[in-house]
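Structure first, commentary second.
The values are calculated or read from the model by the stated rules, or taken from the named source; none is laboratory data. These numbers were taken from a predicted model, which means no experiment stands behind them. Note: ideal-geometry Cβ built from the backbone for every residue, glycine included; neighbour counts use all protein chains shown.
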Amino acid sequence: MTEPKNTKEHVPVEGANKDPITLNKPKKTWSNPALRMLGLPKVSLPSRNWMIFWTVLASFGGAIAYDRHEQKKIREEYMEKLSYLSKVPYSSDKIPRKISIFVAPPPNDFLDESLKYFRKYVKPLLNASAIDFEVYTESKQGELRNAIADRIRELRSKRLQEKEKEVENKSAVLGGSLWGSIGDAVTNFSSFFGSKEKPEIETLTPVQDLYSPKDVIGFYLDKEPLAVKREDEIDQKHAGGVICIGRGAFKEYMNGVHEGLLGPLTPPEPTSLIEDKSSTQDTKTDSVIPDGNPVKDSSNISEEIKSEESTSSTDSSTVPSDVNKDQETIDEKTSEEAKKEEEDDEENKVPKPYILPSEYAKAEFAPEFNRETTICNDRGIPVIFEQPVYTFALPKVSGFVNFPKKIYNFFTRRYVAQEAAEHTLAVIYNQIRPFEYKDKYMAGEEEQFWPKRWVQTGKEKNSEWVQELVVDEKVTSRMRVYDSSVKRNTAAENSSDTETVDAEKNTSADKL
């Protein structure tokens, strides 16, 4: 019998005829035996997972390094552009202008975030241009507003005292002339009868008007001391300046200026106390005069109170004395602790504003100031609300929804540095324009990235940061704003350039 043929074709297996040595090839190593003895394997491409890891790490690291390099480049470029201002020669009796900087922490964050922004983007340019500045910070909401309002109120009270002194002096002069005429009549009458004595009027002058300490010491006997003046006194139009770091600081600055100029000099009575008094009076009248019942006499009421006190004293006598003493000591301790807590809260509490924003329109501008001229302090420097202002918006983004925006801002801080440098140049070069209604929304884009929960709690607590900023034309008509779109004063820049060139020539000639 013939065997059945296998209809399936024979399929050769791949690599079946190859040697087993060629299937497991060893990795190629260095041909140099020295490198092989050191244990250094030959360089080869890593695996797919390692390639993904190193690519992502290099891209993120490169983006951060590039952004920081660009920030440094922008900062150095603008500092070099402003370096000529620091080379302008100053005489010994001249001081550069001074800028006031108000810094507030961002919502639900620390003050260091705002100070980092100032130190990184604004401060280097101010130092490069040799401009003096003073930084004011706050730890609680309302501290900046209260400090600005207090400063304006102090100036108003000084002006009021000066006016009162002028009135007193005028009345004294008029009274002195009247008494002088009477004295002349008396002397004429006495001379007519033969007496030669004249009445002497004793006048007292304060010691400060007679001499100063420098006259007593004698250092300035031969030469008078130099009267040091700041640039703000010389050029009142471009004097000083105000910078607010953050939308919250700008709101407190504007509220403080309005409170100081439109509010009273003394704190008003709290309305809550008046309401409480009225409510207690209403409750008393309701309790004394019930519906349809006659009013009791005061003598009957006092007798009832005495009887209640006597019954309470007899009840308390039944209680052991030790228990009463322990209870009294506990009550005293709790009362003392409560008093201390209340005192600490009152000391740390920020005073409430003297005037509400809804009362701005009806309020009168400070009558102590002359509105026709620039209001200056004792040294002739324009007061803070007469100086131009600008606000830097903090690039602080919070919230899970804004997480992509936060990542984008982290890798593109060079744009923030560029924008901050341009606006700082406007402050340094005094690019000023009058205050407009739209300027009340300065740095308003910052509010859309504030935490929603924080905003909600602020509305519940009636926070001034969350409320809409209200401005009054009586105040804003005197204010000015820095604007980078305004043309610069090129003549002043050219004159300062020539001064620096002349100074460098003189120094080189002195060296030769």
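Given the conditions (1) of a type outside the set (Ser, Thr, Tyr); (2) out of contact with any Ser or Thr (no Cβ under 7 Å at 6 or more places or on another chain); (3) exposed (fewer than 12 other Cβ atoms within 10 Å of the Cβ); (4) modelled with pLDDT of 70 or more, report the number of the one that LEU226 does not fulfil.
Checking LEU226 against (1) of a type outside the set (Ser, Thr, Tyr); (2) out of contact with any Ser or Thr (no Cβ under 7 Å at 6 or more places or on another chain); (3) exposed (fewer than 12 other Cβ atoms within 10 Å of the Cβ); (4) modelled with pLDDT of 70 or more, the one that fails is (2).
Scan segment 80-125 for residues that are of a type outside the set (Ser, Thr, Tyr) and more than 25 Å from the chain's Cα centre (by Cα) and report the count. Walk me through it before giving the result.
Keep residues of segment 80-125 that are of a type outside the set (Ser, Thr, Tyr), which gives 80-82, 85, 87-89, 93-99, 101-113, 115-116, 118-120, 122-125.
Those still in the list that are more than 25 Å from the chain's Cα centre (by Cα) too: 80-82, 85, 87-89, 93-94.
The qualifying residues number 9.
Select from segment 132-153 the residues that are among the aliphatic types (A, V, I, L, M) and crowded, with 20+ Cβ neighbours inside 10 Å and write down the one among them that is farthest from THR266 (Cα to Cα). Quick ask: steps written out before the conclusion?
So the first thing to find is which residues in segment 132-153 are among the aliphatic types (A, V, I, L, M), and the list is 135, 144, 147-149, 152.
When the remaining residues are screened for being crowded, with 20+ Cβ neighbours inside 10 Å, the result is 144, 148-149, 152.
Values: LEU144: 19, ILE148: 15, ALA149: 12, ILE152: 12 Å.
Residue satisfying both the conditions and the ranking: LEU144.
Every residue, every condition in (1) among the hydroxyl-bearing types (Ser, Thr, Tyr); (2) at pLDDT below 65; (3) surrounded by 10 or more Cβ atoms within 10 Å (Cβ to Cβ), yes or no:
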| position | (1), (2), (3) |
| --- | --- |
| GLU337 | no, no, yes |
| GLU342 | no, yes, yes |
| ASN348 | no, no, no |
| TYR354 | yes, no, yes |
| GLU364 | no, no, no |
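Tell me which residues, restricted to segment 378-408, are in contact with a Lys or Arg (Cβ under 9 Å, 6 or more places away or on another chain) and polar (S, T, N, Q).
GLN387, THR391, SER398
Tell me, please, whether a residue that is of a type in the set (Val, Ile, Thr), more than 30 Å from ILE432 (Cβ to Cβ) and either surrounded by 21 or more Cβ atoms within 10 Å (Cβ to Cβ) or modelled with pLDDT of 65 or more (or both) can be found in segment 269-292.
Taking segment 269-292 and keeping what is of a type in the set (Val, Ile, Thr), we get 271, 274, 280, 283, 285, 288-289.
Pick out the ones that are also more than 30 Å from ILE432 (Cβ to Cβ) and you get 271, 274, 280, 283, 285, 288-289.
Narrowing the set further to residues that are either surrounded by 21 or more Cβ atoms within 10 Å (Cβ to Cβ) or modelled with pLDDT of 65 or more (or both) leaves none.
No, segment 269-292 contains no residue that is of a type in the set (Val, Ile, Thr), more than 30 Å from ILE432 (Cβ to Cβ) and either surrounded by 21 or more Cβ atoms within 10 Å (Cβ to Cβ) or modelled with pLDDT of 65 or more (or both).
Which of (1) touching an Asp or Glu at 6+ places or on another chain (Cβ under 9 Å); (2) surrounded by 13 or more Cβ atoms within 10 Å (Cβ to Cβ) does ARG379 not meet, given it meets every other one?
So ARG379 meets the others, but not (2).
Tell me, which residue of segment 69-104 that is without any contact (Cβ under 8 Å) to a residue 60 or more places away in the chain and closer than 22 Å to ILE245 by Cβ is surrounded by the most Cβ atoms within 10 Å (Cβ to Cβ)?
This residue is MET79.
State all residues of segment 428-467 that are on the phi > 0 side of the Ramachandran plot and crowded, with 16+ Cβ neighbours inside 10 Å; if no residue qualifies, say none. Outline the logic, then answer.
If we filter segment 428-467 for residues that are on the phi > 0 side of the Ramachandran plot, which is where we start, we get 430, 443, 462.
Result: ASN430, ALA443.
Determine whether LEU125 is in contact with a Leu (Cβ under 8 Å, 6 or more places away or on another chain), assigned to a helix (DSSP H, G or I) and of a type outside the set (Asp, Glu).
Numbers: in contact with a Leu (Cβ under 8 Å, 6 or more places away or on another chain): yes; assigned to a helix (DSSP H, G or I): yes; of a type outside the set (Asp, Glu): yes.
Considered against the rule, which asks whether it is in contact with a Leu (Cβ under 8 Å, 6 or more places away or on another chain), assigned to a helix (DSSP H, G or I) and of a type outside the set (Asp, Glu), LEU125 comes out as yes.
Filter segment 88-107 for residues that are over 15 Å from PHE133 (Cα atoms) and either in a helix (DSSP H, G or I) or at pLDDT below 90 (or both) and give the result.
VAL88, PRO89, TYR90, SER91, SER92, ASP93, LYS94 - these are the residues of segment 88-107 that are over 15 Å from PHE133 (Cα atoms) and either in a helix (DSSP H, G or I) or at pLDDT below 90 (or both).
Which residue, of THR507, THR500, is farther than 24 Å from PHE392 by Cβ, in a helix (DSSP H, G or I), modelled with pLDDT under 90 and out of contact with any helix residue (DSSP H, G or I) (no Cβ under 7 Å at 6 or more places or on another chain)? Break it down into steps so the answer makes sense when it comes.
Numbers: THR500 fails: out of contact with any helix residue (DSSP H, G or I) (no Cβ under 7 Å at 6 or more places or on another chain).
Going through THR507, THR500 in turn, just one is farther than 24 Å from PHE392 by Cβ, in a helix (DSSP H, G or I), modelled with pLDDT under 90 and out of contact with any helix residue (DSSP H, G or I) (no Cβ under 7 Å at 6 or more places or on another chain): THR507.
Out of VAL427, VAL350, VAL401, I need the residue that is in a helix (DSSP H, G or I) and aliphatic (A, V, I, L, M). Which one?
On the way: VAL350 fails: in a helix (DSSP H, G or I); VAL401 fails: in a helix (DSSP H, G or I).
Every option except VAL427 fails the conditions.
Could you give me the residue pairs with C-beta distances under 6 Å whose first residue belongs to segment 40-63 and is farther than 30 Å from THR412 by Cα, whose second residue is loosely packed, with under 10 Cβ neighbours inside 10 Å wherever it lies, and which are 6+ apart or on separate chains?
LYS42/LYS28
Would you confirm whether any residue within segment 402-423 is closer than 30 Å to LYS474 by Cβ, surrounded by 13 or more Cβ atoms within 10 Å (Cβ to Cβ) and either of a type in the set (Phe, Trp, Tyr) or out of contact with any helix residue (DSSP H, G or I) (no Cβ under 6 Å at 6 or more places or on another chain) (or both)?
As a first pass, look at segment 402-423 and keep what is closer than 30 Å to LYS474 by Cβ: 423.
Subset that is surrounded by 13 or more Cβ atoms within 10 Å (Cβ to Cβ): 423.
So of that shortlist, the ones also either of a type in the set (Phe, Trp, Tyr) or out of contact with any helix residue (DSSP H, G or I) (no Cβ under 6 Å at 6 or more places or on another chain) (or both) come out as 423.
Within segment 402-423, one or more residues are closer than 30 Å to LYS474 by Cβ, surrounded by 13 or more Cβ atoms within 10 Å (Cβ to Cβ) and either of a type in the set (Phe, Trp, Tyr) or out of contact with any helix residue (DSSP H, G or I) (no Cβ under 6 Å at 6 or more places or on another chain) (or both).
Say whether the condition of being modelled with pLDDT under 95, of a type in the set (Ser, Thr, Tyr) and closer than 30 Å to ILE375 by Cα is met by at least one residue in segment 61-84.
No, every residue in segment 61-84 fails to be modelled with pLDDT under 95, of a type in the set (Ser, Thr, Tyr) and closer than 30 Å to ILE375 by Cα.
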